[in-house]
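Trainee: Once you've had a glance at the structure underneath, I'll fire off some questions.
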Amino acid sequence: MVHYNSPQRQNNYKILSIDTSCDETAAAVTVGRRVLSNIIWSQVDVHRPWGGVVPDLARKEHQKHLGEVVQSALTRADANSKRFQLPWRINWDTIDAIAVTQGPGLAIALEVGIKKAKELAKKHQVPLIAVNHMEGHLLSPLARNAKAHIPQREPSTKKMPTLGLLISGGHTQLVLVKKIGDYQLLGETLDDAAGEAFDKVAKMLDLGYPGGPIIEKLACQGSPHRFQLPVPMARDPSLNFSFSGLKTACLYKLRAIPKKEKDRQFLADFAASFQATLTKAITIKLKKVLEMHHPKQIFLGGGVINNLYLRKQIRSVARKHNIHVFTPYSRNLISDNAAMIGIAAFFKAQRGEFVKNINLLDRQPNLNFPFQASLN
Ligand code: KG4
Ligand code: ZN
């Protein structure tokens, strides 16, 4: 068992992390907040023919690849350590702990990662840290690269409260960080997540899967003003979101338009109109939350954050409130990955939050932050 004592030891804490919550088989090695390796085996080609993630296929793919993904994470981390002349070797003798995603996610996919993490923790006699996948997305802007290069403007672990805006294929959440480890869910989607809406509208337009990046690319050549779509929850006083109505409005609009009119410009204009409407729904709630909670900085996480139009609109709202917006330093930390799990685990290790009885650790497919309804 590792003794977790000196501050220097804490900053150099070496974690092997695993995430199998959805359709990426991921493993990473982090040292403190440095990412030494971040291996992602994407299953997107396996799920593409079905137009979405098939849980049983995801489980099989995780089982098939997790072993080699973990090995690659260790090998790559050691190679990077040598390459950047860091004072550590990375192998099972030097790994201090294993972190694994406990939830939220697909139950049968989560199980694969948890089983592997338990086996490895027992075999190598290291402690286990169970991580909320969404806490990983939330803290992903705090990750540093292997050289621990610190940019001019860095997110702070001290400037609290911090607002987390998490937008992915499964979640759309506003989270207040009172301090690292102390979170309050302020609002979330009542139905579809924003990424899910991107994927479903892309499907309606026959654009392929996953739809988010395709819609963004098309939208660059289109006009967001051609189609009027309803902005969901615009007048709702809560900080919750809803995207299923927007999806249905898209469906009806598309049905009403004859096929021969659906040329490339039509697709671009529709993509741009949809993207702008969805973004508006998000920035309306962002303005509201900034006025209500006065956060000192904003952290963005989740796959939809890849969308540059959305980011630009978020930054423009934040600028009016004089608040900085931080995103992870690399795209590989935005979509599902294990390095973000390692970052969240590092802070948990600092708080001494290790799994007490490894045998009892179980997946929690609906794991969430504590919710507290916002007062208006
Ligand atoms: O965080 P993520 O990789 O996985 C989940 O935890 O869900 O997010 C995946 C989602 C998908 O719905 C995908 O379409 C969306 O992120 N996405 C995007 C973009 N890139 C990925 N949505 C809009 N614009 C993008 N550029
Ligand atoms: Zn995710």
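Trainee: State, as an integer percentage, the relative contact order of the range 162-326 based on alpha-carbon contacts under 8 Å between residues 6 or more apart. All intermediate terms of the calculation are to be shown ahead of the outcome.
Mentor: Working: 293 pairs, mean separation 46.1, N = 165.
So the answer I get is 28 percent.
Trainee: Taking 45 Å as R0, compute the FRET efficiency from the Cβ-Cβ separation of ASN11 and ARG235 and round it to 0.05. Intermediate results must be reported in sequence, preceding the final value.
Mentor: Working: r = 48 Å, r/R0 = 1.06.
Computed FRET efficiency for ASN11 and ARG235: 0.40.
Trainee: With a 10 Å radius around each residue's Cβ, average the other Cβ atoms per peptide and rank 29-35, 156-162, 351-357, 117-123, highest first.
Mentor: On the way: 29-35: 25.3, 156-162: 15.4, 351-357: 12.3, 117-123: 17.0.
Ranking, from highest mean packing down: 29-35, 117-123, 156-162, 351-357.
Trainee: How big is the Cα convex hull of the range 162-326 in projection, averaged over all directions, in nm²? Present the calculation step by step, with values, prior to reporting the outcome.
Mentor: Working: hull surface 36.5 nm².
The Cα convex hull of the range 162-326, projected and averaged over all directions, gives 9.1 nm².
Trainee: Same structure, new question: What number, rounded to the nearest 500 deg cm²/dmol, is the helix-based mean residue ellipticity at 222 nm of the chain, given -39500 (n - 2.57) per DSSP H run of at least four residues and division by all its residues? Please list the in-between numbers first.
Mentor: Values: 11 runs with 150 residues, N = 376.
Value at 222 nm, helices only, nearest 500: -13000 deg cm²/dmol.
Trainee: Please give the FRET efficiency for LYS203 paired with ASP362, using the beta carbon to beta carbon distance and R0 = 35 Å, rounded to the nearest 0.05.
Mentor: Details: r = 34 Å, r/R0 = 0.96.
Once rounded, the FRET efficiency stands at 0.55.
Trainee: What's the angle, to the nearest 10 degrees (0 to 90), between helix 55-83's Cα axis and the longest principal axis of the chain?
Mentor: That helix lies at roughly 60 degrees to the long axis.
Trainee: Still on this structure, I have one more. With a/c under 1.5 counting as rounded, go ahead and sort the range 262-345 into rounded, prolate or oblate using the C-alpha gyration tensor (a ≥ b ≥ c being the square roots of the eigenvalues; past the cut-off, prolate if a/b is larger than b/c, else oblate). Mind dumping the intermediate values first?
Mentor: Details: a/c = 2.72, a/b = 1.26, b/c = 2.16.
Oblate, since a/c reaches 1.5 and b/c is not below a/b.
Trainee: Ignoring ligands, DNA and RNA, what percent of the accessible area of the chain is carbon or sulfur (1.4 Å)? Can you show the working numbers first?
Mentor: Numbers: 8530 of 16930 Å².
It is 50 percent, rounded to a whole number.
Trainee: If one computes the Cα centroid of the range 223-248 and of the range 33-96, what distance in Å separates the two points?
Mentor: 37
Trainee: Another question about this same structure. Using heavy-atom solvent-accessible surface (probe 1.4 Å) with all chains present, what is the largest-first order of ASP191, ASP96? Write out the running numbers ahead of the final one.
Mentor: Details: ASP191 60, ASP96 10 Å².
Ranked from most to least accessible, the order is ASP191, ASP96.
Trainee: Now for a separate question. How much of the DSSP beta bridge set in the range 162-326 is antiparallel, as a percent to the nearest 5? If you can, show how the numbers build up before the last one.
Mentor: On the way: 12 of 21 bridges.
If we restrict to bridges inside the range 162-326, about 55 percent are antiparallel.
Trainee: May I ask you to order 325-338, 229-242 by the average number of other C-beta atoms within 10 Å around their residues, highest value first?
Mentor: Details: 325-338: 21.9, 229-242: 16.9.
Highest-to-lowest ranking by the protection proxy: 325-338, 229-242.
Trainee: Here's something else I'd like to know. Is the shape of the range 1-142 rounded, prolate or oblate, going by the alpha carbon gyration tensor and its root eigenvalues a ≥ b ≥ c, with a/c under 1.5 for rounded and a/b larger than b/c for prolate? Working shown, then result.
Mentor: Details: a/c = 1.93, a/b = 1.72, b/c = 1.12.
Since a/c reaches 1.5 and a/b is larger than b/c, the shape of the range 1-142 is classed as prolate.
Trainee: A further question on this structure: Using protein chains only and a probe of 1.4 angstrom, how many square angstrom of HIS65 are accessible, to the nearest 10?
Mentor: Rounded to the nearest 10, that gives 20 Å².
Trainee: Further question on the same structure: Could you compute the net charge surrounding MET340? Neighbours are other residues with a C-beta less than 12 Å from the C-beta of MET340; K and R count +1, D and E count -1. Before the final figure, lay out each step's value.
Mentor: Working: positive: ARG33; negative: ASP19, GLU24, GLU135, ASP336.
In short, -3.
Trainee: Okay, next question. Find the accessible area per residue for the range 90-248; the probe is 1.4 Å, ligands and nucleic acids are left out, and the unit is Å².
Mentor: Ligands and nucleic acids excluded, the figure is 40 Å² per residue.
Trainee: Given Cα pairs under 8 Å that are at least 6 residues apart, what percent is the relative contact order of the range 81-209? Don't skip to the answer; put the middle values down first.
Mentor: Details: 153 pairs, mean separation 19.5, N = 129.
So the answer I get is 15 percent.
Trainee: So between ARG89 and ALA107, what do we pick up on full extension, going 0.36 nm a residue minus the alpha carbon distance?
Mentor: 3.0 nm
Trainee: Something else now. For the chain, compute the orientation-averaged projected area of the C-alpha convex hull (one quarter of its surface), in nm².
Mentor: Its Cα hull, projected and averaged over all orientations, spans 18.7 nm².
Trainee: Given the whole protein assembly as supplied and a 1.4 Å probe, what does the accessible area of LYS115 come to in Å², nearest 10?
Mentor: Accessible surface of LYS115 is approximately 130 Å².
The values are calculated or read from the model by the stated rules, or taken from the named source; none is laboratory data. Since the structure is predicted, the reported quantities are computational estimates derived from the model, not experimental observations. Note: ideal-geometry Cβ built from the backbone for every residue, glycine included; neighbour counts use all protein chains shown. Keep in mind that these areas ignore ligands, DNA and RNA; they rest on the heavy atoms of the full protein, side chains included. Shrake-Rupley method; radii C 1.70, N 1.55, O 1.52, S 1.80 Å.
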